[in-house]
1. Among the residues of the range 344-362, are any open to solvent by less than 40 Å² (accessible area, probe 1.4 Å), under 20 Å from P287 (Cβ atoms) and either in the same structural domain as E87 (by TED's automatic domain parsing) or in contact with a Leu (Cβ under 7 Å, 6 or more places away or on another chain) (or both)?
2. When the range 195-207 is examined, which residues are found to be under 31 Å from the mean Cα position of the chain (by Cα) and open to solvent by 20 Å² or more (accessible area, probe 1.4 Å)?
3. Identify the residue in the range 264-310 that is among the hydroxyl-bearing types (S, T, Y) and open to solvent by 10 Å² or more (accessible area, probe 1.4 Å) and, among all such residues, is farthest from A44 (Cα to Cα).
4. Looking at the range 103-111, is at least one residue within 23 Å of M262 (Cβ to Cβ), open to solvent by 50 Å² or more (accessible area, probe 1.4 Å), in a loop (DSSP other than H, G, I, E, B) and in contact with a helix residue (DSSP H, G or I) (Cβ under 6 Å, 6 or more places away or on another chain)?
5. Residue under question is P185, and the condition is that it be under 22 Å from G48 (Cβ atoms), at pLDDT below 95 and not in a helix (DSSP H, G or I); does it hold?
6. Test I68 against the criterion of being touching a Cys at 6+ places or on another chain (Cβ under 9 Å) and either of a type in the set (F, W, Y) or not in a loop (DSSP other than H, G, I, E, B) (or both), and give yes or no.
7. For the range 392-402, enumerate the residues that are more than 10 Å from the ligand (Cβ to nearest atom) and either open to solvent by 10 Å² or more (accessible area, probe 1.4 Å) or without any contact (Cβ under 8 Å) to a residue 60 or more places away in the chain (or both).
Amino acid sequence: MPENPRANIPPGAGTDVIVIGAGLAGLMAAAQATQAGARVRVIANGWGQQIVSPGWISVCDRADDDVIAEVRGYAAIHPDHPYALAEDDAMVRGIEAFRNVAQQNGQPYDMRDKDGHNLRLMTALGAIQRPMLAPRGMANGDLTGVGGPVLLVGFTGWRDFFPALAIDNLRAAGVEARAVCIDLPANPSGTWDLWPGDVARLFDGADFRAAVSGRIKPHAKGAVKVGLPAVLGLENPVEALADLSEQIGAPVFEIPTLPPSMAGVRLSNALRRWLMRHRARVQVGHPVVRGVVANGRCTHVEVGALGHTNPFYADQFILATGGLYNGGILSDETGRLWEPLFDLPVATPPGDGREGWYGERLLQERGHPIHRLAGLRANKQMQPLGQDGGPALENVYAVGHLLAGFNPLTDGCAEGIALATAYKAVQTALQLDE
Ligand SMILES: Cc1cc2nc3c(=O)[nH]c(=O)nc-3n(C[C@H](O)[C@H](O)[C@H](O)COP(=O)(O)OP(=O)(O)OC[C@H]3O[C@@H](n4cnc5c(N)ncnc54)[C@H](O)[C@@H]3O)c2cc1C
């Protein structure tokens, strides 16, 4: 057998940065490190929460006026909040970097550039959410100051979006709306039970779009906008959107459906392709089992394979493992919380066991302590803190949902935090500001 020249080279040798996690935080950290010229490897169990969330970017949902000004004000009086740690430069640049990368990949994200206010977008149930940016299809559905009726379109018999359910909530929010269900044109694949991905692929076809438009157009008279479930194309949603709008004769927008989220799938595909085109390695489906540490630095991570682990080496490690929702922090019936890869200290709600995890009422304004308090504390370089309050490890950074100090359920800023902290971690890991 010829000798394998790479036999003695450990996997990942020659890698500058390993990013653990393929959520928004991990993918954007990887993209920015790659743009800065680093050799990057993403290793993740699976895709992150973008696969099931609406796909828009919440920076500070509660802001009534200028969103960035509101975040700056909030960060100034909450020094432990991840926005304060990352600092506002990181927030603004993280958002910019995200928009650029998404745009380069045919996934434009739009916002109200004129006044910096949040959008007013409808959910599948017609409630109003106020993210700052959204994929173009959803941003087209901004209901700010909308005059005249909005038409909501569903597909007869399709279980993932029922426009009639949304109508009452929309009207309660002051939006005039009406709903209709159309039969989808014959389904060429013959599948009886279409998933959002199946419908999205159908919408990639021009003939299919023409047939759908023909069925919607008679109902669209007088409508100022026409909303369809967010399945308008998988590969080329911008073209699908423009084509449908033109043929129907009114601007078309997308409404989030039940998971999986096509907006999240499009974004994940686009970022993965972008990373691979720029020679980063992307391994999705591979669990990191532990980080190996010597002299206060991580030397490598061990990655699960069939019956054994493989070591992957790098200079810097960005931990983007998503906190309690995605395996970044684990818990058991005793209420213990732990970080499984480096055994980093985890901020925990006060009280014994799980007693302190929840408040009295299911729905309470600031949410439950377990969601707000559980996570890793970090310094301004995004290094997780050790027991002594100093950085736990010299070359490990924590980003996104994994961090303590905000409540992803009630604060409406989880995606903004993912972008800001990813940006800051890359700046410090690669010493880009110096
Ligand atoms: C249904 C839903 C709706 C949401 N809506 C909103 C909203 O409207 N506004 C808002 O602000 N936020 C919302 N969020 C939250 C927001 O989407 C996330 O907080 C944000 O995307 C943060 O992502 P992240 O990259 O930090 O982590 P995640 O997306 O959780 O990614 C974590 C990654 O780490 C990987 N991982 C974990 N452990 C390991 C390991 N040991 N080895 C390898 N990989 C590992 C996972 O596989 C995954 O790829 C929503 C979330 C959900 C689920």
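The values are calculated or read from the model by the stated rules, or taken from the named source; none is laboratory data. All of these numbers come straight from a predicted model, not from anything done at the bench. We place every Cβ from the backbone using ideal geometry, glycine too, and count neighbours over all the protein chains shown. Side chains included, ligands, DNA and RNA excluded: accessible areas come from the protein's heavy atoms. Shrake-Rupley method; radii C 1.70, N 1.55, O 1.52, S 1.80 Å.
1. Yes, because at least one residue in the range 344-362 is open to solvent by less than 40 Å² (accessible area, probe 1.4 Å), under 20 Å from P287 (Cβ atoms) and either in the same structural domain as E87 (by TED's automatic domain parsing) or in contact with a Leu (Cβ under 7 Å, 6 or more places away or on another chain) (or both).
2. So the first thing to find is which residues in the range 195-207 are under 31 Å from the mean Cα position of the chain (by Cα), and the list is 195-206.
Within the range 195-207, W195, D198, R201, L202, D204, G205, A206 qualify.
3. T299
4. Taking the range 103-111 as the starting set, the residues that turn out to be within 23 Å of M262 (Cβ to Cβ) are 103-111.
After this cut, where a residue has to be open to solvent by 50 Å² or more (accessible area, probe 1.4 Å) as well, the list is 103-104.
Filter again for in a loop (DSSP other than H, G, I, E, B), leaving none.
So far as the range 103-111 goes, no, none of its residues is within 23 Å of M262 (Cβ to Cβ), open to solvent by 50 Å² or more (accessible area, probe 1.4 Å), in a loop (DSSP other than H, G, I, E, B) and in contact with a helix residue (DSSP H, G or I) (Cβ under 6 Å, 6 or more places away or on another chain).
5. Values: under 22 Å from G48 (Cβ atoms): no; at pLDDT below 95: yes; not in a helix (DSSP H, G or I): yes.
No.
6. Working: touching a Cys at 6+ places or on another chain (Cβ under 9 Å): yes; either of a type in the set (F, W, Y) or not in a loop (DSSP other than H, G, I, E, B) (or both): yes.
So I68 passes the test.
7. Listed by number, the residues that qualify are A392, L393, E394, Y397.
Results for (1) more than 30 Å from E365 (Cα to Cα); (2) crowded, with 22+ Cβ neighbours inside 10 Å; (3) at pLDDT 95 or above, shown as yes or no for each residue.
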| position | (1), (2), (3) |
| --- | --- |
| A13 | yes, no, no |
| A30 | yes, yes, yes |
| T34 | yes, yes, yes |
| G48 | no, yes, yes |
| P54 | no, yes, no |
| R62 | no, no, no |
